[in-house]
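Chemist: Attaching a single structure in structure tokens format; questions to follow.
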Amino acid sequence: MVYPPSNTHPPNRRAREEDLSAPATQVVRDRDAYLGEGTDVGRRLSADQVELFVGDDASSGLQRELQRVKPAFIVLHDVGTSSSLRLLQAMAGGEGKLCRLVIRRQGQGIPLATLQFIELPGAGRSTLRVYSTDIDADSHARHEIAGVLASLAALAVFVFGDLPAHALSSAMQPLLDAAALRRWSTRMLLMIPLGSSVPVNSFARDFGRHGLQVHVTPRVTHPGDAWRFIGSTWNQLEGAAAPEAPPAAPNTVSGEHEPTQPMGLPRERAGIDWFDYVQRCAAVKGMVACCAFDRSSGKPLAHIGGLPSAEMMQTLGEQWLGTASSIGAMMGTGAQVLEASISSPSHHLLLHVLPSHPEVALHAVLDAATGDPILARRQLQRLDPG
């Protein structure tokens, strides 16, 4: 597993003196600047640090600020793992910069909590923050702040470690209690398991009883797959929030109401989101990995799951199509290939050419113990875009 569960906190959690005190609190010109009463959460001190002064505890002050500003943001919350900071760092290495929000005691400057986040480009000149709940604070404050962020985020992402069900239940209980006590404004909960998804499904049902929309992804073994799920879900949320917006060309931003695509996910060929397509295909029982690829360009469009990689699945899928086409021509049955399958004792391989987009094919790998190739083929046919 790429980021295994751990009972120890990463080095980022240990509050270092230089992290909590630098840059030094500055003398500001007026009350609004002092309290950070602007259009974003907190007051910018430098390119990578923001501070927020509160009069009481950190969670209550942060909640008031979020309710005042009403920003759209994503939060990553660890359940039985320490992966959210790794995900942020992986994303920061490509598209964003890792930043800190320091919550301080008003009038004293004493740091109460330090949150880490990245900022990604949104629509127009806006930015989208992605917070981690791996917070430098005491235990009670961490739990309270995590609850505030999860309840007010546009998208709350729960990352589950590969732990026994009872351990995950203990970690989830505070959030379930919080959701039962007050109505969350979260538009979507996305649950990403690093291990078995069986206990995660029960958590999804529990949150669903409180009126929340929940989606559980297949097991994730690579940070890139996690970001594809997050990005695809965000694109869906933004698209649902602005149904009146005119269709935009792929990978363009034409106005503040256009769906943002912070993860750089392509929408190709008549606006089809191929990551969304493979995400739906991944829900087929027994699916291990699948890849949609463009035969005309010879490039993968979207991939989900563990090994094989997208490039390997595209290359082997194209070779498979070529071989099957040659066999059909030699046998006089025709060179056109619509579907093909191969079964081994451990896996089923499926190849499916999309009828509405014959230049696009899906290469899928099923676990022989849990997947049925006949049933899977019928389900994939119903998932065809268009």
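Chemist: With a 10 Å Cβ neighbour count serving as the proxy for reagent exposure, in which order, fewest first, do 318, 311 appear? Can you show the working numbers first?
Modeler: Values: 318 16, 311 13.
The fewest-first ordering by Cβ neighbours comes to 311, 318.
Chemist: Further question: Which values of log₁₀ I(q)/I(0), to two decimal places, follow from the Debye formula for the stretch 274-382 at q = 0.10, 0.12 Å⁻¹ with a uniform point scatterer at every Cα?
Modeler: -0.25, -0.37
Chemist: When ranked by the protection proxy of mean other Cβ atoms within 10 Å per residue, highest first, what sequence do the peptides 106-118, 144-156 form? Intermediate values should be presented prior to the final figure.
Modeler: Numbers: 106-118: 19.1, 144-156: 22.8.
Packing order, densest peptide first, comes out as 144-156, 106-118.
Chemist: Can I ask one more? Using the 10 angstrom Cβ neighbour count as an exposure proxy, how do 214, 278 rank, fewest first? Don't skip to the answer; put the middle values down first.
Modeler: Details: 214 20, 278 26.
Fewest to most other Cβ atoms nearby, the residues stand as 214, 278.
Chemist: Using a cut-off of 10 Å between beta-carbons, work out the net charge of the residues near residue 380 (Lys and Arg +1, Asp and Glu -1, residue 380 not included).
Modeler: Numbers: positive: 280, 377, 378, 382; negative: 339, 384.
Combined, the nearby Lys, Arg, Asp and Glu give +2.
Chemist: Taking neighbour Cβ counts within 10 Å as the exposure measure, how do 222, 352 sort from fewest upward?
Modeler: Values: 222 18, 352 24.
In order of increasing Cβ crowding within 10 Å: 222, 352.
Chemist: Between residue 138 and residue 374, what length comes free when the chain is fully extended (0.36 nm per residue of separation minus the Cα-Cα distance, one decimal in nm)? Walk me through the numbers on the way to the answer.
Modeler: Working: separation 236, 0.36 × 236 = 84.96 nm, distance 5.32 nm.
Extra length available between residue 138 and residue 374 comes to 79.6 nm.
Chemist: Where a ≥ b ≥ c are the square roots of the eigenvalues of the C-alpha gyration tensor, would you call the stretch 42-181 rounded, which needs a/c under 1.5, or, failing that, prolate if a/b is larger than b/c, or oblate? Please list the in-between numbers first.
Modeler: Working: a/c = 1.65, a/b = 1.19, b/c = 1.38.
Taking the square roots of the gyration eigenvalues as a ≥ b ≥ c, the stretch 42-181 is oblate.
Chemist: What is the calculated FRET efficiency for residue 170 to residue 60, with r their C-beta to C-beta distance and R₀ = 25 Å, to the nearest 0.05? Before the final figure, lay out each step's value.
Modeler: Numbers: r = 25 Å, r/R0 = 1.00.
Once the sixth-power term is evaluated, E becomes 0.50.
Chemist: At 0.36 nm per residue, minus the direct Cα-Cα distance, what do residue 110 and residue 329 gain on full extension? Give it in nm, one decimal, please.
Modeler: On the way: separation 219, 0.36 × 219 = 78.84 nm, distance 7.68 nm.
Result: 71.2 nm gained on full extension.
Chemist: Quickly work out the residue 40-to-residue 126 label distance, labels modelled 7 Å from Cα along the C-beta direction, and quote it in nm with one decimal.
Modeler: According to this spin-label approximation, the distance is 1.4 nm.
Chemist: Quick one: which of 81-88, 331-338 comes out on top by average Cβ neighbours within 10 Å, and what's the full order, highest first?
Modeler: Numbers: 81-88: 23.4, 331-338: 11.1.
The most tightly packed comes first, giving 81-88, 331-338.
Chemist: Now, a different point. Counting other Cβ atoms within 10 Å, keep those with at most 14, restrict to DSSP loop, and tell me which trypsin sites (Lys or Arg not before Pro) in the stretch 278-386 are left.
Modeler: Details: sites: 280, 285, 295, 377, 378, 382; in loops: 285, 295.
Here the trypsin sites (Lys or Arg not before Pro) that fit, given the DSSP loop and packing criteria, are 285.
Chemist: If you don't mind, there's one more thing I want to ask. Hey, with R₀ at 35 Å, roughly what FRET efficiency would residue 48 and residue 312 work out to, going by the Cβ-Cβ distance, to 0.05? Before the final figure, lay out the partial values.
Modeler: Details: r = 38 Å, r/R0 = 1.07.
Step by step, r from the Cβ atoms, then E = 0.40.
Values in this text are rule-based calculations from the coordinates and carry no lab data. Computed from a predicted model, the values in this text were never measured in an experiment. Virtual Cβ from ideal backbone geometry, glycine too; neighbours counted across all protein chains shown.
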